Each structure stands twice: as C-alpha cells, then as structure tokens.
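Single-structure report; data block below.
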Amino acid sequence: MAHLGWRLLGGAAALFAVLVSLWLWSSWENMRRAQEDRTQLTATLLALNADTTFLRLQDNLQQLGDVLQSLGAPNDSVGMAAALQSFKEHHPGLGGASVILPNGQIVISTAGSKVGALPNVMVNPAYADYRQDFALALGRQGLSIGRPQYGMLLGQWFIPLRYAVRTAGGDVRFVVQTSLLLEHQQALWRGLSLKRNVAMGLLRDDGWLISRDPDPGGDGSVYRTRTTGALMQELARGGTTSSGVYKGLTVDGQQREGAWARLQNFPVVAFLSYPRSAIVAMWWRQVRLPFFLLTGVLVLLLALYNWLMRHFMRRMVRIRKQMDFVRAEELHSSGVAEIDALLRKLVRSREQMRRFARNREKTLLKAAQAGTYTRMAHNGVLVAVDSSFARMLHRPTRRLIGREWDELFNTAEGPLTGDANATDSGRRLVWTRGRDGGTVWLSLAEHAEMTPQGEKVIHGLAIDVSERENLLRAVERQSQRLQTLWELAAGASEDPHHTNLTDPIARMLAQGRDALGLQAAIICLRLDEQCHMLYVQDVHSRFKQGQTLSANHPLCACDDQSDGSLWIADTSRYPGLADASGVGSVIRLPLTQAHQTLGCLLLLGDAPQGDDFDPADCQYAELLAAWFARVLYDRNQRDSLLSQAYTDGLTGLLNRRAAQLRMDEALQAMRRGGASFSVALCDLDHFKLVNDECGHSAGDAVLRQMATTLRQGAPRGGWVARWGGEEFLIMLPGMNTAAAAAAMDVLRSRVGQRPFLVSERSLHITLSIGIGTLQGPQDEIVRVLTEADDSLYEAKRQGRNRVIAMR
C-alpha cells in the first residue's frame, strides 16, 4: 500500500509537472505570437513611412530634373546653380543636391565651393564605394537608393538618392543626386514610443544596410559590408513575400527575433527586432508569480501527504505481522473499513489457496485441453511434446520431435519464439496451417531453465484458441467488407465536394486489401511495354507508387484467362512466380469501363489460399475492380472536359474564359496582401494580309508559332492566353507600368527578329502591345483591360510595332 501510495504521489507530481510545463509553454507561445504580431505591424508601418518618404523624394528629384533639363543642363552652370540652391533652400532636411554626368563627373554641387573643380566618382579612388550604386542608378527607372556613404563634401554619413534624367530615346542625360542625412532619418524613428533594446532600420534586397538604429559599432562599419545574418536568410527563403518574421544572429552579434516588411515601390525592406533575452524577460515577468504560487502549494501538499503516509505505514506493518498467526476476527483495524474487510477475506482465503495450489497445473490442463512441449533455447528444436500438443496440430508425435519451432509456427505477436534471445518467460500467440488448410492458433505460456548439462531449455504450455481467433478474424474481415460495401453504395467515389482529404481510391484500396485478408493491393496501368503502378497499398512496402514492372515480369506475364483475369490461389504451382514476386497468392482483374480497358487490379497475399479462392472473396474482388474502373473512367472524363473548357484548341494556350478566371484569382490574391500585376494585350500587325495572301491554314500556323514565342518570352510566374482572333493576353505579375513596358518591348523586338515559316515561305510579323496596370486593391479587372485596350489602340494609331502604356 505504501509503495502504491508513493507511486500515486509520484504520478500526481509528474502530472503536475506536465501541466505546469504545458502552461509555461502555452504562455510562452501566446506571448511570442502576440509579440510577433505587434512587431510585424510596427515593421509594416515603418515600411509604409519609408515608402512614402522615398516616393516624395522621387517626385522632388523628378521635378528638379525637369527644371534642370529645361535650363539646358548640364551646359548652363549658372542656371543649374540657381536651381540647385533653390532646391536646397526648399528642402533643408536633405544634404543639398548635385548634378553628375553619366561618366561619373560631378558637374555642380551645392556642397562644393567651385564649379569645375569637383571630382569624378567613377575615377577618383576616394569615391570607390560610389561606383556600383552609381551604375545601378544609370540602369534604373525612377529613384535609386544607394547604400550609406561618408560624404567628403558633407562631412557626415548620408543615404545617396539618385534620379537619372533621360532623353526621349531613353539614354541618360545626367543624374540628379541628393542625400538623406542618416542622422536625420534615424532621428525620425527615435521619436517613436518603442521599448528598450529595439533595433530598426532599412535593408536593400541585395544585402546592403541602408540604415540601422542603433549602430552596433558606432562608426558606420555595418554599412561597409553586405549583411548575411538571419534577416537575409529569411528574405532568401521568403522569395517575393511582402512581410514576415525572422529570428537568429544579427549584425550586432545578438540572438534577436523580429519582423520585416517590403516597401511597395522600392527594393528595400524595413525591419524591427528585439533581443531574445528581452522577450524571455517579458515572458518571465508574466508567469513567475503564478509559478511560485503553484510550486509552494505543491510543496505543502507533499509535506502533508508524507506525514499521513508514515502514520499509515506504521499501522499496516503491525497488521501484517498479525496475519500469519491470528484469525480474521482478531486483526487490528487499519482505520479504513474497506481495507479491513479486504484483509479479513485474504486471511480466510489463504488456507483455501494452499489446498488448491498443489492441483492447479493438473486442473488447468484438464479444463483448457492444453498440451505441453519442451524446446532448445539456442535453435528452437523440439525435444519433447505430449499427445495433447500433437493432437492440436493434427500430427503424430514422431513427426514433431526434432523439428525447428520457426519451421512449424508463425508468430502473431510478441518476440520470435524460436529466437535464442527470446525472453525467458511470457505469453505469446502463434499460428500454423492445419492438414485441412485451416489456421490453428495456439496461446503459449513459457518459462526457461538450465539442464544439468548447462544447456538452456524452454518449457511451454499451449492452449488451442483456434475457434476464438478464427471467429475474431472472420468478424473483422466481414466488418471491413460491410464498411467497404457501404461506402460503395453510398457513393464515396469522386465527389468533388468531399471533405475527406484522403484519396478515395487509396482509401478503398486499403480497405479492400484488409477485407480480403491479403497484404498488397495495386492498381496498374499498361504503358507501352511496362506496367506502371498508379496506386499501391502494401503492408510490407515491397512495392512503391510509381514503380514499373517489365512486361515479362511474372505478375504481368502469367497465363491469362480469356477475359484478362488471373486467379492463382497457390503460386508454388507456377515455377518462378513465388521466387520472383515473393507472394503466395495472386488475383489480377482488368479495369474495364465503356468497352475500354484502363488497367488492372492486383491483389497479393503472402500465404497460399488453399486449392482455390473462396467464392465470396471472388465476388468481392470483382466488385472492387468494377468500382475502381468506374472511378478511374469518371476521373479521366472529367479531366478531359476541364482541359477542353479552358484551353484554346488551335494554340494550346489558355482561352479567354480561363484567362478571366486566372486574373480574378490574381486580383483576390493581391487584395489579401499579394503582389500587384500588369497585363499586356498583343495584336499581330497586318494579320489579315496573311490570311488573304497565304490562306487561313497559313494564318493558323503563324498563330501557333506566335503562341510558342510568347510563351517562351513570358516572365517568370506569368502566363499567356489567346484573347481572341489574333489578339493575345500576357499576365505580368509583380510589374508596374514601366517594368511591364520594358519587358514587353524586349518581347516585341524578339518577335520582329524571328522569321515565321509558312508553306516554305518566311514571314516577318510585328506586334502592337498595350499595357494596363492594377492600381490598388480597389481597382477592377475591367478597368485594367480597358486601359490595355486603349493603349493597344494608341499603338496601332501611332504606326504599329510598338509598346504603349497610357499611364
């Protein structure tokens, strides 16, 4: 009783520890998720603030570039100086302004004292860090955000902001540069009411820090090398995701957890992070008071229980000493009425147990009709059996002596009984085939002992439980069959609205296998000269989904019946089949529907099934094959109809209906926080002349070749659809109007340079392209298509073979 009490106490303490651990873990997860949500919201607000700031600066530099261009820049130094000085006075928060030629020569700067004496950033060694960012600015449309530099003219750290002013032909005429003082930018964020130890800043997509507050070194060294910390690793995994969280080692050498959000219009992310130690400290402040209270209560309960248990143990020791020599009525009370009654019954039954103990083995053998045996422990060879054991196996005793155990029996559960490393004692269940083909089940109880010769033997008692086990397995198989038949009758096939995520074919295949008492069920398709396994349910994992068998494999090349079915109850009758396939029985049924053979159903068993299969099993297998055939046929028909409904028959592209559905999906994804997109409407110039001069078959050939060219030139993640006639639509995900126009201009040039071969003639086809761009979550697809159509009309009006974006 004392040991039981201590076990219960230990169990209660363990349960208490588990519950407290679960509570601590739950509170940690809830606090950490709440912290992640707050941090991600703050990072999104920081990104929005930075995006707005950079857009405003982009507009200011664009206006300055227009003014300078109207003054004749870069030739009119006097006019440029006045314009730059005016810009500096109107924007005191910026570090002045400069005009730089494409070759890197600074023409004029509000930070310089003399015109003409300014350095060339592409040549001067002091400006080596400028060169890569300056080259990026020459190739970028709009504002280019450089990595922080220490300005020789300004005498402090700043963020270079460059805007390339271009000619009508797209060449860079000059670059207008200003700078956002790093101290001024960080001072705006320091005014936010954030917790201590917070780190925030801006990071370019290429790994260069734009701003970080606080600066870990205080000397700007973090801006001189690319960042490779946890944030960059998360950005690489996240792809084009607009926001996310990260944790790990950061540039200041601390383990931090934080969040990031992308700027919508610039290749920059805003980030915010806290030290992991600070998050753990916040969590501990929340849970420490309840934790100490619960621990104190547990200690008090343990002390009280210890005192009560010791008092109870002393009383029970006195009673235990009395039980050997007093009658039941003379026992002292334990203080618990139920225990007193139990002890009295125990004393009264002790003598009866002694009387029955001597005859218990004989009584057990007689009542259970059991048999005994003895076998060697190291090799499992039977050395002695009684007549009852031999009768249970329907074999004479002489045929059993000297046989190995594992040769006679299969183990149903527990360790292998013939194994030399088997346990010395225990109960297990084994089975073997009787002489009539039925299964004989034996329940064993064994114990080991050493012989005088020093050899280990195992004595066992076997009870025939065949009737019980066969009945249980028959009931189980019938239950599985009834479940399968019910699902077949209830129409559990290919319901598109079925909420079960499991493939119904795989589920029914496993149920059919188990209901037939077999070990593998496979659906095969015949492809060329091979059998392809489309669905596999194998308890031994011998066959895998997607595996192929050659046409001469025994499972595929056995002698078929006239209808293609195959019934082999014992593979030993077929030379080579058992060795090649490793199975004892085979059922193969063709899957035929609408006079079309789709494949075959293979049902494989480990053991032979006697002379022939049970007729009920045959009917059940044929019912399964018919169901699988109908389901596979319906699935093929549905897939074919869906393909015809959403595919253009001539070009193989998406048709107009499919394109509209895909655009609606992209719009809904954008409203859930995804990327915006643009669309391009492409029209073949003078396509009517191709049909008139070469015929409609030639026009169809041109459309097919054009579809191939457009599909190959579509950007990653984009797609192409035939919009109607000679019009095509191209989806451009993640592109604004300028990027879409540039990408389509490259595609237009590629089409113009490619010859289209028709009837041994080479035709040159050009494209007119109009661009439409989604302007925000509230925008609609109809407006975007109208914008693209108006732009296409304008391209036609201006002379064709061009890309027009109305915005």
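The values are calculated or read from the model by the stated rules, or taken from the named source; none is laboratory data. The shown structure was predicted, so the numbers you read here are calculated from the model rather than taken from an experiment. Backbone-built Cβ (ideal geometry, glycine too); neighbour counts: all protein chains shown. Surface areas here come from the heavy atoms of the whole protein model, side chains and all, with no ligands, DNA or RNA. Shrake-Rupley method; radii C 1.70, N 1.55, O 1.52, S 1.80 Å.
Put simply, of 273, 211, 242 the only residue that is closer than 29 Å to residue 137 by Cα, open to solvent by less than 60 Å² (accessible area, probe 1.4 Å), within 31 Å of the chain's Cα centre (by Cα) and of a type in the set (S, T, N, Q) is 242. If you check residue 305 against the conditions, is it open to solvent by less than 70 Å² (accessible area, probe 1.4 Å), of a type in the set (Ser, Thr, Tyr) and farther than 30 Å from residue 13 by Cβ? The answer is no for residue 305. Residues of segment 247-266 that are open to solvent by 20 Å² or more (accessible area, probe 1.4 Å), more than 30 Å from residue 142 (Cα to Cα) and assigned to a strand (DSSP E or B): 247, 249, 255. The residues listed here are 625, 616; of these, the one that is open to solvent by 20 Å² or more (accessible area, probe 1.4 Å), in a helix (DSSP H, G or I), over 30 Å from residue 733 (Cα atoms) and of a type in the set (Gly, Ala, Ser) is 616.
Taking every residue in segment 98-111 that is more than 13 Å from residue 164 (Cβ to Cβ) and pairing it with any residue that is of a type in the set (S, T, N, Q) and outside any strand (DSSP E or B), at least 6 positions away or on another chain, the pairs with Cβ-Cβ distances below 7 Å are 108/77; 110/85. The single residue among 263, 294 that is touching a helix residue (DSSP H, G or I) at 6+ places or on another chain (Cβ under 8 Å), modelled with pLDDT of 85 or more and within 30 Å of residue 9 (Cβ to Cβ) turns out to be 294.
Scan segment 60-100 for residues that are part of a loop (DSSP other than H, G, I, E, B) and open to solvent by less than 20 Å² (accessible area, probe 1.4 Å) and the total you get is 1.
Looking across segment 437-471, the residues that are surrounded by 15 or more Cβ atoms within 10 Å (Cβ to Cβ) and in a helix (DSSP H, G or I) come down to 466, 469, 470. Scanning segment 724-767 for residues that are over 42 Å from the mean Cα position of the chain (by Cα), more than 20 Å from residue 652 (Cβ to Cβ) and part of a strand (DSSP E or B) returns 755, 761, 762, 763, 764.
For segment 141-169, filtered to residues that are at pLDDT 85 or above and open to solvent by 40 Å² or more (accessible area, probe 1.4 Å), the residue that is farthest from residue 202 (Cα to Cα) is 167. Answer yes or no: is there a residue in segment 27-44 that is modelled with pLDDT under 85 and open to solvent by 90 Å² or more (accessible area, probe 1.4 Å). Within segment 27-44 (the criterion being modelled with pLDDT under 85 and open to solvent by 90 Å² or more (accessible area, probe 1.4 Å)), the answer is no, since none of the residues qualifies. For residue 103, indicate whether it is loosely packed, with under 14 Cβ neighbours inside 10 Å, at pLDDT 85 or above and either basic (Lys, Arg) or closer than 30 Å to residue 737 by Cα (or both). So residue 103 fits the description; yes. Please verify whether residue 635 is open to solvent by 80 Å² or more (accessible area, probe 1.4 Å) and either assigned to a helix (DSSP H, G or I) or closer than 30 Å to residue 605 by Cα (or both), treating the condition exactly as stated. Judged against the criteria, residue 635 is not a match. Set side by side, the residues 799, 772 differ, and just one is open to solvent by less than 10 Å² (accessible area, probe 1.4 Å) and either modelled with pLDDT of 95 or more or farther than 18 Å from residue 736 by Cβ (or both), which is 772. On the given criteria, is residue 685 farther than 30 Å from residue 518 by Cβ and buried (at least 16 other Cβ atoms within 10 Å of the Cβ)? When the stated conditions are applied, residue 685 passes them.
Residue under question is residue 750, and the condition is that it be under 15 Å from residue 713 (Cα atoms) and either of a type outside the set (Asp, Glu) or open to solvent by less than 10 Å² (accessible area, probe 1.4 Å) (or both); does it hold? Against the criterion (under 15 Å from residue 713 (Cα atoms) and either of a type outside the set (Asp, Glu) or open to solvent by less than 10 Å² (accessible area, probe 1.4 Å) (or both)), residue 750 qualifies. Restricting attention to segment 440-467, the residues that are in contact with a Ser or Thr (Cβ under 9 Å, 6 or more places away or on another chain) and over 21 Å from residue 380 (Cβ atoms) total 2. Of all residues in segment 723-733, those that are touching a Phe, Trp or Tyr at 6+ places or on another chain (Cβ under 9 Å), within 15 Å of residue 770 (Cα to Cα) and open to solvent by 20 Å² or more (accessible area, probe 1.4 Å) total 1. Taking the stated definitions as given, is residue 783 in a helix (DSSP H, G or I), open to solvent by 60 Å² or more (accessible area, probe 1.4 Å) and either modelled with pLDDT of 95 or more or among the charged types (D, E, K, R) (or both)? For residue 783, the condition - in a helix (DSSP H, G or I), open to solvent by 60 Å² or more (accessible area, probe 1.4 Å) and either modelled with pLDDT of 95 or more or among the charged types (D, E, K, R) (or both) - is met. Kindly indicate whether residue 244 is at pLDDT 85 or above, farther than 30 Å from residue 57 by Cβ, touching a Gly at 6+ places or on another chain (Cβ under 8 Å) and not in a helix (DSSP H, G or I). No. Residues that are open to solvent by 50 Å² or more (accessible area, probe 1.4 Å), more than 33 Å from the chain's Cα centre (by Cα), at pLDDT below 85 and more than 30 Å from residue 703 (Cα to Cα) occur in segment 583-593; there is at least one.
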